[in-house]
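Comments concern the structure below.
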Amino acid sequence: MSKLSDYSEIPKAVVSRLQKLGINSLSQLIFHFPLRYLDETKIIRISDLRLGETAQVQAEVKLAEVIYKPRRTLLVKLSDGSGELYIRLLNFYPSQLQQLQAGTVFRILGEVRAGFFGYEMVHPQIRKASETAPVKTTLTPIYPTTAGLSQYTLAKWIDWALAQADLSEFFPANCYPTGMMSFAESMRLIHHPAQSIDLHQLESRQHPAWQRLAYDELLAQQLSMRRHYLSRHRLRAPNIQSDGALIRRFLDGLPFQLTDGQNKVIQEIHGDLNKAFPMNRLLQGDVGSGKTVVATIAALQAIASGYQVALMAPTEILAEQHFKKIAAWFESLGLSCVWLSGSQTKKQKQQHYEFISSGQAHLAIGTHALIQQQVSFAKLGLVIVDEQHRFGVEQRLMLKQKANTDEWIPHQLMMTATPIPRTLSMSYFADLDVSVIDGLPPGRTPIQTKLVNEERRDEVVQLIEKVCQAGTQVYWVCPLIEESEALQLKTALETFERLSADFPNLKVGLVHGKLKAAEKQQVMQAFYANEIQVLVSTTVIEVGVDVPNASIMVIEHAERMGLSQLHQLRGRVGRGSHKSTCILLFQTPLSQMARARLRVVYENTDGFKIAEEDLRLRGPGEFLGTRQSGLPMLKVADLERDKPVLRLAQQQADQILRQHPQGAQRQILRWLGTLQDLATV
Ligand code: ADP
Ligand code: MG
């Protein structure tokens, strides 16, 4: 990639301003697209001007004077023989007053407004025009820019970059739909559209030139993802043979039958584990669909073939819960399982490290503790990452590297209850295989969702008093305060005190992110044992916690939370036989967006539907931003608008990779630059 700073012809000051715009390379410069355009191709007679339109006139100054009412203004009267036009400058330099002398002819471009004396333009673009100066033949691009970088300078260097850059086609015509515009033509058109072009089509990015670029960008993304996908097929994976006996023993010990949805994904995972190259599978299943059992079965398969397994979860609470559940299962199978936790003493940890490195531990469970330097596996064959969206790309990579060998790359199973909408899994996650658990285990009672205005909090308190007397338990989630962790903690403490006063007859507990691991553990233990009836919590319980007797979830300031977060929280209840309720407390006034979002959670129980609505409301940038660090965002393509083009790119990618590997490489470089490396999971 040619860096701009390597070109001596660009002034240093320009380079540093471009950097402020995030432009560092030649290709980033040509991909800096106009926001809109000005039509300087025509000169309109003043008598033909229409109110509200942006137009260019050429006229002679008749009078220029500074007036002081209502405030200091330079008022200039111009005429082109057909009529008169006023321009108004609120901030002006003495030099401008001097320049705008009666008798001089100017070219003025601005929006026509109704003024006190007739048509006027406020702060138009003013340029001296000798009668013979040629009128532009193309529309003038207006770029997003930064202080100190004029449109003129920016446009000049973009044009320079267009002349420098390689705009050639990387693939033969048959790789494109017939009639598609060329890359060079599209780029030139977008930066310098002919005057005859449909501006609306161009500005809404529906013009064929934009279609071509969207296709190119999505193709680059597909090529990068698919190349990664295929190169994984050349890696060596642990040799895992299915062992029906061990799994059968495990299944026989379970108090329930697997659902069809679970069986289906287990088959898919089995298929992957039997292959010679490493699995990279994302297991999606709604909250409560039973992903833990599925993960355990995958683990058993690896263990039966003599490998160790690592299971990483994002919170201590969740890791502990997994450990308790799985360790009990393992014990009856004669297998060993260790847990790494922040609450353990140095000595305990040391023992566990040794247990892992000697290969005695079949399964190691933990949070980020698993990727600490001291942890080293003897024979790591499978890594499982629960709630994968809570981890960064690098952390997942580090876990895989714990295999410490050049002989194989461990299989990887990622799990999430935050579904990735189809358009995203087709694009950003095209290098993954995806399994979905359809449906929930039988016997779940549907959760009733209620939207309640904060003003009616007292009624909620009364309801809770009643149901807790009858034996059920409640989660009470404190508002999310993103700006400040300290404030978040303060709110949690206040809520705890207030609810302790509200419920003199109940035991109220508090759990938040700042508690020590051992303290958290104690509180959760008491909640499991129903020694605590109302658990006040920050969003630390968001993921995975499983307490079947808890059947009411209250979420304060629900309007501040993300949709998937609300859905996850809601999924903490409805796990037992009680009728469950999720109460979303909100504070008025609600913005339109907040209202729309709450409605989505209220009306939908399907996590996929919610994720799709969330994506629609927020767009992929924000949707992914909070979940997945390091993914290069699309510059041109819009997954919704360009869905047909996305399908096309998807269909073409493998064949192009096979037939034109070098072109593919150039395409990826052109569009993704060096960011492509980050896309690999
Ligand atoms: P999640 O997919 O949200 O991680 P879990 O794995 O925690 O869900 O499972 C939720 C609960 O459902 C657990 O108590 C688990 O034991 C139970 N469960 C899992 N599979 C089944 C099944 N097939 N039938 C009945 N209960 C099940
Ligand atoms: Mg889970």
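Once the principal axes of the Cα atoms of the chain are found, what is the range along each, listed largest first in whole angstroms?
Computed over the chain, the largest-to-smallest principal extents equal 99, 66, 44 Å.
Going by average Cβ neighbours within 10 Å, how do the peptides 549-555, 434-440 rank, with the highest at the top?
Highest mean packing first, the order is 549-555, 434-440.
At 1.4 Å probe size, what's the solvent-accessible area of Tyr68? Round to the nearest 10 Å².
150 Å²
Where does each of Lys62, Lys516 land when they are ordered by accessible area, with a 1.4 Å probe and the largest first? Mind dumping the intermediate values first?
Details: Lys62 95, Lys516 140 Å².
So the residues, ranked largest to smallest area, are Lys516, Lys62.
Can you return the lysines within cross-link range of Lys450? Criterion is Cα-Cα under 20 Å, with same-chain partners fewer than 8 residues away left out.
Output for Lys450: Lys466, Lys579, Lys609.
So what is the relative contact order for the chain, in percent, with contacts set as C-alpha pairs under 8 Å and at least six apart? Mind showing how you got there, number by number?
Details: 1200 pairs, mean separation 89.6, N = 681.
13 percent.
What does the highest-first list of 587-596, 319-328, 85-94 look like by mean Cβ count within 10 Å?
Highest mean packing first, the order is 319-328, 85-94, 587-596.
Say the dipole of the chain comes from +1 at the beta carbon of Lys and Arg and -1 at that of Asp and Glu; which of Gly574, Thr296, Tyr307 then lies farthest toward its positive end?
Of the listed residues, the answer is Tyr307.
Label the range 278-437 by shape, choosing from rounded, prolate and oblate, from the square roots a ≥ b ≥ c of the eigenvalues of the Cα gyration tensor; if a/c is under 1.5 it is rounded, and otherwise prolate applies when a/b is larger than b/c, oblate when it is not.
Prolate, since a/c reaches 1.5 and a/b exceeds b/c.
Ordering Glu454, Glu387, Glu84, Glu483 from largest to smallest accessible area (1.4 angstrom probe), what's the sequence?
Ranked list, largest accessible area first: Glu483, Glu84, Glu454, Glu387.
When only the heavy atoms of the protein chains count and the probe is 1.4 Å, how do Ser577, Ser484, Ser25 rank by accessible area, highest first?
Result, largest first: Ser577, Ser484, Ser25.
Too long at a 24 Å Cα-Cα cut-off: which of Lys349/Lys400; Lys325/Lys516; Lys346/Lys490?
Lys346/Lys490
Can you spot the lysines whose alpha carbon is less than 27 Å from Lys20's alpha carbon? Ignore those fewer than 8 places along the same chain.
Straight-distance partners of Lys20: Lys3, Lys12, Lys156, Lys635.
What percentages make up the Cα-Cα pair-distance distribution of the range 447-604 when the bins are 10 Å wide from 0?
The percentages, shortest bin first, are 11, 44, 37, 8, 0.
Among Thr539, Leu499, Tyr602, which residue has its Cα positioned farthest towards the positive end of the charge dipole of the range 447-604, with +1 placed on the Cβ of Lys and Arg, -1 on the Cβ of Asp and Glu, and the dipole taken about the Cα centre?
After comparing all options, I get Tyr602.
Do the sum for the chain: with -39,500 (n - 2.57) for every DSSP H run of n ≥ 4, divided by all residues, what is the mean residue ellipticity at 222 nm, to the nearest 500 deg cm²/dmol?
Mean residue ellipticity at 222 nm (helix-derived): -12000 deg cm²/dmol.
What area, in nm² and to one decimal, does the C-alpha convex hull of the range 96-227 cast on average over all directions? Don't jump to the answer; show the numbers that get you there.
Details: hull surface 51.1 nm².
If I average the Cα hull's projected area over directions, I get 12.8 nm².
Provide the per residue accessible area, probe 1.4 Å, for the chain, rounded to a whole number of square angstrom.
46 Å²
Of the accessible area of the chain, with the probe set at 1.4 angstrom, what percent is carbon plus sulfur?
50 percent
Charges only on Cβ, +1 for Lys and Arg, -1 for Asp and Glu: so what's the dipole of the chain about the Cα centre, in debye to the nearest 20?
Approximately 580 debye in magnitude.
With a 1.4 Å probe and all protein chains kept in place, how much accessible area does His233 have, in Å² rounded to the nearest 10?
Rounded to the nearest 10, that gives 70 Å².
Please work out how much accessible surface Lys77 shows to a 1.4 Å probe, ignoring ligands, DNA and RNA, in Å² rounded to 10.
Rounded to the nearest 10, that gives 50 Å².
The values are calculated or read from the model by the stated rules, or taken from the named source; none is laboratory data. None of the values given here were measured: they were computed from a predicted structure. Quick reminder, even Gly has a Cβ in these numbers, built from the backbone with ideal geometry, and neighbours come from all protein chains shown. Note: areas computed on protein heavy atoms with side chains; ligands, DNA, RNA excluded. Shrake-Rupley method; radii C 1.70, N 1.55, O 1.52, S 1.80 Å.
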